[in-house]
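The values are calculated or read from the model by the stated rules, or taken from the named source; none is laboratory data. Everything numeric here is computed off the predicted structure, so don't read it as measured data. Neighbour counts are summed over all protein chains in view; Cβ atoms, including those assigned to glycine, are modelled from backbone coordinates with ideal geometry. Accessible surface is based on the protein model in full, side chains and every heavy atom, while ligands, DNA and RNA are left aside. Shrake-Rupley method; radii C 1.70, N 1.55, O 1.52, S 1.80 Å.
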Amino acid sequence: MKSVYKITFLVCISILVSSCHDTTKPNYQYMPNMYEPVSYETYWESSAFKNGKEGQLPAPGSLDRASEVYDYPNTTAGYDASKANLKSPLDSISPKEMDNAKALFEIYCAICHGNAGNGKGKLVTQGKFLGVPSYKDRPTITAGSIFHVEKFGLNSMGSYANQLSAHERWLIAAYVLKLQSEL
């Protein structure tokens, strides 16, 4: 008789356990948002924003963390103003910083301007670019005008503002003036 009770008990337990299992629905989830996230499509309206349509605009007058304040526009007048008025914030450059400036110049500038600043870089000697001036032929350039050209580019030279920080551009400007004095 005890074995009948045991068998009945085991059958009841197995029926109870199998009746709670539903293969069409998952079990209870501890944090359902982690398992079933709300997906958003690009450019869809969202209730997360004030007007429901577009993201928040930055506060007026605010600056991006990586941005720098530069008051001269990308125009000929801005170039002339930077040439006349813009001064380097670097008071003195240590020999270590000048070595760093030389390395930066050789990476970014020497391919066109040449290691000596004579306008005979590798791309010029191969005929890829023509008319790259020697720094010897440009006695009127200043640190401000060099910085402005590095920031915005000029003629066929593109901008290096994305590749070089403002400090690195000032270092290169100082190195260019050093090269110009040696030619």
Flag if GLN56 is at pLDDT below 85, open to solvent by 50 Å² or more (accessible area, probe 1.4 Å) and of a type in the set (S, T, N, Q) = yes
Among the candidates ASN115, ASN100, residue that is surrounded by 15 or more Cβ atoms within 10 Å (Cβ to Cβ), over 26 Å from GLU68 (Cα atoms), out of contact with any Gly (no Cβ under 7 Å at 6 or more places or on another chain) and not acidic (Asp, Glu) = ASN115
Looking at region 22-34, is at least one residue open to solvent by less than 100 Å² (accessible area, probe 1.4 Å), of a type in the set (A, V, I, L, M, F, W, C) and modelled with pLDDT of 65 or more?
-> yes
Would you point out which residue out of SER46, SER3, SER88, SER39 is among the hydroxyl-bearing types (Ser, Thr, Tyr), open to solvent by less than 100 Å² (accessible area, probe 1.4 Å), over 25 Å from the mean Cα position of the chain (by Cα) and at pLDDT 75 or above?
-> SER3
Mind listing whichever residues of region 124-133 are crowded, with 16+ Cβ neighbours inside 10 Å and either modelled with pLDDT of 90 or more or part of a helix (DSSP H, G or I) (or both)?
-> VAL124
Based on what the data block shows, is LEU63 at pLDDT below 75, over 27 Å from HIS167 (Cα atoms) and either outside any loop (DSSP other than H, G, I, E, B) or open to solvent by 100 Å² or more (accessible area, probe 1.4 Å) (or both)?
-> no
If LYS136 passes every condition in (1) modelled with pLDDT of 90 or more; (2) surrounded by fewer than 17 Cβ atoms within 10 Å (Cβ to Cβ); (3) assigned to a helix (DSSP H, G or I) but one, which one does it miss?
-> (1)
Please determine, by comparing only the residues of region 67-85 that are farther than 27 Å from LEU123 by Cβ, outside any helix (DSSP H, G or I) and in contact (Cβ under 8 Å) with a residue 60 or more places away in the chain, which one is nearest to the chain's Cα centre (by Cα).
-> GLU68
Under 7 Å between Cβ atoms, at least 6 apart or on separate chains: pull out the pairs that start in region 136-149 with a residue that is in contact (Cβ under 8 Å) with a residue 60 or more places away in the chain and end on any residue that is among the basic types (Lys, Arg) and buried (at least 20 other Cβ atoms within 10 Å of the Cβ).
-> PHE147/ARG169
Go through the residues of region 164-179 one by one and say whether even a single one is in contact with a Gly (Cβ under 7 Å, 6 or more places away or on another chain) and not polar (S, T, N, Q).
-> yes
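May I ask you to list the residues in region 152-164 that are more than 14 Å from ILE107 (Cα to Cα), within 19 Å of the chain's Cα centre (by Cα) and in a loop (DSSP other than H, G, I, E, B)?
Going residue by residue through region 152-164, those that are more than 14 Å from ILE107 (Cα to Cα) are 152-159, 161-162.
Okay, now just the ones that are also within 19 Å of the chain's Cα centre (by Cα), so 152-153, 158-159, 161-162.
Result: GLY153, GLY158, SER159, ALA161, ASN162.
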Across (1) surrounded by fewer than 18 Cβ atoms within 10 Å (Cβ to Cβ); (2) assigned to a helix (DSSP H, G or I), VAL149 clears everything bar (1)
